[in-house]
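The values are calculated or read from the model by the stated rules, or taken from the named source; none is laboratory data. Owing to the predicted nature of the structure, the values given are computational and were not obtained by experimental measurement. Using ideal geometry, Cβ is built from the backbone for each residue, glycine included, and neighbour counts are taken over all protein chains shown.
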Amino acid sequence: MSKELVTTKQTDSVQHMANAKGVGRVRFQKALDDGRFSRFLDGLKELEYVHEFRIHKDGVDVPALIGRLRPTYFVSEYAEAMMGNQEFLIGPKEDAVIRVYTCASLGVAGWSETDFLGPKGYEHVKQFGLGKCMPDDAQYVRIAHSKQELNEWIRFAHDPISAVGYSSVFLVGHVSVGGLCVFGDGLHSLYGLLPGRLVALRLASPVRNPA
């Protein structure tokens, strides 16, 4: 029986995937040293995603952002209270790519909401070339996702925001009463993530525009 060899073509393919995701030599060597190269390769593979949004953000303030949403979309009082909190950070002028995944595809089904939307979760998604969203990504995706299917809900993985005594993230959805909307979703450490739940994350290294 012949032994399977690693060819130059295979090596070049791995190098190309690593470079495309901004993986440095140190991380590559650490995966080899730790005996986790198989997992490392899995992390380089492209995950199947449900939606992709390429958004252009122009850095407008909260009143202007709400003004853009209100004529067309329903914004709940709770979501508006979240936007009024100082924890709601307005991102810089930039172009960003937001992708939506199921919890099953990310390998986080069954995780508690607070574990995923925190350091443990963000460290986990790094292996896929993903990172957490800015809080105002949700509002830009709401505008971009004009043909959202009825009863679809997308939760945004960003640093939680406090409002009315709860720690929450934004949801964009489509409901029969109210239409396309923006809501806030309170987090709980005892609630597990369902396999089909949709989560929005950023592709790493967004391209920033000049001011």
Seminar exercise, completed: Exactly one of Gly67, Gly121 is in the same structural domain as Ser146 (by TED's automatic domain parsing), closer than 30 Å to Ser176 by Cβ and without any contact (Cβ under 8 Å) to a residue 60 or more places away in the chain, and that residue is Gly67
For this session: Might you check whether a residue that is without any contact (Cβ under 8 Å) to a residue 40 or more places away in the chain and on the phi < 0 side of the Ramachandran plot occurs anywhere in segment 179-187?
Result: yes
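Take segment 98-118 and flag every residue that is outside any helix (DSSP H, G or I) and without any contact (Cβ under 8 Å) to a residue 60 or more places away in the chain.
Gly107, Gly118
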For this session: Tally the residues that are in contact with a strand residue (DSSP E or B) (Cβ under 6 Å, 6 or more places away or on another chain) and not in a helix (DSSP H, G or I), restricting the search to segment 48-70.
Result: 9
Problem set entry | Answer residue from segment 153-211, given it is among the aliphatic types (A, V, I, L, M), part of a strand (DSSP E or B) and modelled with pLDDT under 90 and is farthest from Tyr73 (Cα to Cα) among those | Val207
Seminar exercise, completed: Going through segment 123-139 in order, the residues found to be under 13 Å from the mean Cα position of the chain (by Cα), surrounded by 17 or more Cβ atoms within 10 Å (Cβ to Cβ) and not in a loop (DSSP other than H, G, I, E, B) are His124, Val125, Leu130, Asp137, Ala138
Exercise. Scanning segment 79-116 for residues that are in contact with a Pro (Cβ under 6 Å, 6 or more places away or on another chain) and among the hydrophobic types (A, V, I, L, M, F, W, C), which turns out nearest to His145 (Cα to Cα)?
Worked result: Ala96
